[in-house]
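The values are calculated or read from the model by the stated rules, or taken from the named source; none is laboratory data. Not measured: the values here are computed from a predicted model. All Cβ positions, glycine included, derive from the backbone under ideal geometry; neighbour counts span all protein chains shown.
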Amino acid sequence: MKKVVLVIFCLFLILCGFYFLKDRLFWIDKFEFLSPIDYSGDIPIRRDYYGEGNFGAKRSRGRRLHLGIDILAEIGSPVKAAKSGIVLNATRNHGMGKYVEIKHRSGLITIYGHLSKILVKKGQRVKQAETVGEVGKTGNARNRLILPHLHFEVRKFGLPQDPVNYLYLSSNKDRFKLLNALFPNGKNNTHNSQ
Ligand SMILES: [Zn+2]
């Protein structure tokens, strides 16, 4: 009889431990970085009459540089958190329109701009791959000649980074040896090249 009570007690402890950890381990990600837009192949980068969407592209006749990448996507496409973290901002401004800013571990911040809808609130914890908003054309993407896209930024300790170096792409294969070993078929939102 005593044994049964002990076993039940142990199971209870394990369950409690699981619930306790579940909340604290929210930041453990499956991928180092996930593309915020689902693509099974290459990530299409915007290129239209008003400019190119690569990192460092010229804006305002060269007076400023593009600090992120513009990933082409249809309006309404879900925008997913590249990594788990805490929502720093979920608001709008003049240039970015509706945008979400997420703070991750290791001094990283990701920003998702020109959204049509914001689906998270400031201070909210988000898991990797959780939908934080929908693609739109707000802010300075309103012009009808600008193709719908997600403006995506990565910053490390405040400095803008080229997001392409963080996403899982075959050109970055060496950075992702472990992931390649774990997911050899390139499943789960991995990308072939860009
Ligand atoms: Zn942009």
Filter result for Phe12 (aromatic (Phe, Trp, Tyr) and under 16 Å from Gly113 (Cβ atoms)): no
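Okay, residues lined up against (1) among the charged types (D, E, K, R); (2) crowded, with 19+ Cβ neighbours inside 10 Å; (3) away from the ligand (no atom under 13 Å from the Cβ); (4) part of a loop (DSSP other than H, G, I, E, B):
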| site | (1), (2), (3), (4) |
| --- | --- |
| Lys117 | yes, no, yes, no |
| Gly123 | no, no, yes, yes |
| Ala129 | no, yes, yes, yes |
| Gly133 | no, yes, yes, no |
| Asn140 | no, no, no, no |
| Arg144 | yes, no, yes, yes |
| Leu150 | no, yes, no, no |
| Pro160 | no, no, no, no |
Those residues of the range 56-73 which are more than 9 Å from the ligand (Cβ to nearest atom), part of a loop (DSSP other than H, G, I, E, B), touching a residue at least 12 places away in the same chain (Cβ under 8 Å) and on the phi < 0 side of the Ramachandran plot, in sequence order: Ala73
Residue within the range 97-107 that is aliphatic (A, V, I, L, M) and touching an Asp or Glu at 6+ places or on another chain (Cβ under 9 Å) present: no
Restricting the range 1-42 to residues that are outside any helix (DSSP H, G or I) and within 16 Å of Arg125 (Cβ to Cβ), the residue that is modelled with the highest pLDDT: Asp29
Any hit, the range 83-104, residues being of a type in the set (A, V, I, L, M), touching a Ser or Thr at 6+ places or on another chain (Cβ under 7 Å), under 23 Å from Leu167 (Cα atoms) and not in a strand (DSSP E or B): no
Within the range 40-55, tally of residues that are more than 12 Å from the ligand (Cβ to nearest atom) and surrounded by 19 or more Cβ atoms within 10 Å (Cβ to Cβ): 1
Cβ pairs under 9 Å, 6+ apart, first in the range 117-139 and touching a residue at least 60 places away in the same chain (Cβ under 8 Å), second charged (D, E, K, R) and in a loop (DSSP other than H, G, I, E, B): Lys127/Asp29; Gln128/Asp29; Gln128/Lys30; Gln128/Lys83; Ala129/Asp29; Ala129/Lys30; Val135/Glu74; Lys137/Arg144
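Regarding Leu88, is this residue surrounded by 12 or more Cβ atoms within 10 Å (Cβ to Cβ), at pLDDT 85 or above, hydrophobic (A, V, I, L, M, F, W, C) and within 16 Å of Ala141 (Cα to Cα)?
Answer is no for this residue.
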Boolean, Asn165 is surrounded by fewer than 21 Cβ atoms within 10 Å (Cβ to Cβ), among the polar types (S, T, N, Q), more than 14 Å from Ile37 (Cα to Cα) and within 13 Å of the ligand (Cβ to nearest atom): no
The lone exception for Leu108 - which of (1) away from the ligand (no atom under 16 Å from the Cβ); (2) touching a helix residue (DSSP H, G or I) at 6+ places or on another chain (Cβ under 8 Å) it fails: (2)
